[in-house]
Amino acid sequence: MTVDQVKQSILGSWKSIAPEIRPSISKSTDGSMKPFYLTRDFTYLADDKFELVVVNSADAYGKVPLVRMTIKGHVLWQGPHPIAEGAQKIDFIADEAYEVTPLLQGFADAMHQLASHGFVQWEVNGTQSILGKAFPPFGLIDGQIFAEFDLIYVLNDLLFWGARNVDGRGFDTEANRPTNLQIPMIRK
């Protein structure tokens with residue numbers, strides 16, 4: 001597929017098939033990596049814009065949601081990715097919105113401890129913008145616009161992004177761009 005064909009094929013809304021698992025950078029007391037669980041709801045819009053809602057959960061079945069993150073911005077297309085014919089390197093730039101909404105009191109309490117400077121009291125279902133703000137839990141510094149160096153691939157009616165690095169590193173640099181595919185999303 002050409003870039004234009006990929007763009008056309010992903011227009012619209014996509015969602016996780018079921019809760020997904022990722023390695024986190026946090027470690028258990030035995031030194032093993034802690035997993036985290038999430039669902040994704042992604043919309044690709046005209047003019048290379050996107051909207052993404054991610055809900056992280058405390059459990060594998062998504063029954064105990066911790067936080068909802070809403071990210072809006074632009075997609076920059078960077079050329080072919082070697083993982084599969086038609087795969088494309090893309091950069092997600094969260095330059096329109098990046099919001100965090102605690103969904104569990106324990107998460108709100110943790111945010112109050114870790115990210116109180118520049119924010120009002122964190123409360124369950126209280127959405128706060130972190131766009132361009134220092135947000136230590138996500139490693140963001142003041143003035144930084146969140147970006148991910150990722151990949152995208154469409155097969156049949158499945159939308160794949162890049163798989164999280166096995167050591168939990170994010171996709172915050174070109175060197176960390178994923179090399180493999182993760183669980184696909186389906187059309188909404």
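Data for the structure
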| quantity | calculated |
| --- | --- |
| Nonlocal Lys pairs with alpha-carbon distance under 26 Å, region 3-187 (8 or more apart, or different chains) | 17 |
| CD proxy at 222 nm, helix term only [per DSSP H run n ≥ 4: -39500 (n - 2.57); per residue of the chain; nearest 500] | -2500 deg cm²/dmol |
| Portion, in percent, of the accessible area of the chain that falls on carbon or sulfur, probe 1.4 Å | 55 percent |
| Relative packing of 114-127, 144-157, which averages over residues the other C-beta atoms within 10 Å, highest first | 144-157, 114-127 |
| Sorted peptide list for 101-108, 27-34, criterion being average Cβ within 10 angstrom, highest first | 101-108, 27-34 |
| Cα-only Debye scattering, the chain: base-10 log of I(q)/I(0) at q = 0.11, 0.12 Å⁻¹ | -0.50, -0.60 |
| Net charge of Cβ neighbours under 11 Å - reference P23; Lys, Arg +1; Asp, Glu -1 | +4 |
| Separation of alpha-carbon centers, region 31-55 and region 147-188, rounded to whole Å | 10 Å |
| GNM result for the chain, Cα springs below 10 Å: residue of G79, G143, G132 fluctuating most strongly | G143 |
| Selection from S129, T179, H74 lying farthest towards where the dipole of the chain points positive, charges on Cβ | T179 |
| Phi to ³J(HN,Hα) by Karplus 6.51 cos²θ - 1.76 cosθ + 1.60 over region 49-55, Hz, x for Gly, Pro | 9, 9, 9, 9, 10, 10, 10 |
| C-alpha long axis of helix 105-114 to longest principal axis of the chain, angle in ° | 90 degrees |
| Solvent-accessible area per residue, Å², over the chain with all protein chains present [probe radius 1.4 Å] | 52 Å² |
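The values are calculated or read from the model by the stated rules, or taken from the named source; none is laboratory data. Please read all numbers here as calculations on a predicted model, not as lab measurements. When we count neighbours, we look across all protein chains shown, and the Cβ atoms used for this are built from the backbone with ideal geometry, even at glycine. For the accessible areas, the whole protein counts, side chains as well, though only heavy atoms, and no ligand, DNA or RNA atoms are used. Shrake-Rupley method; radii C 1.70, N 1.55, O 1.52, S 1.80 Å.
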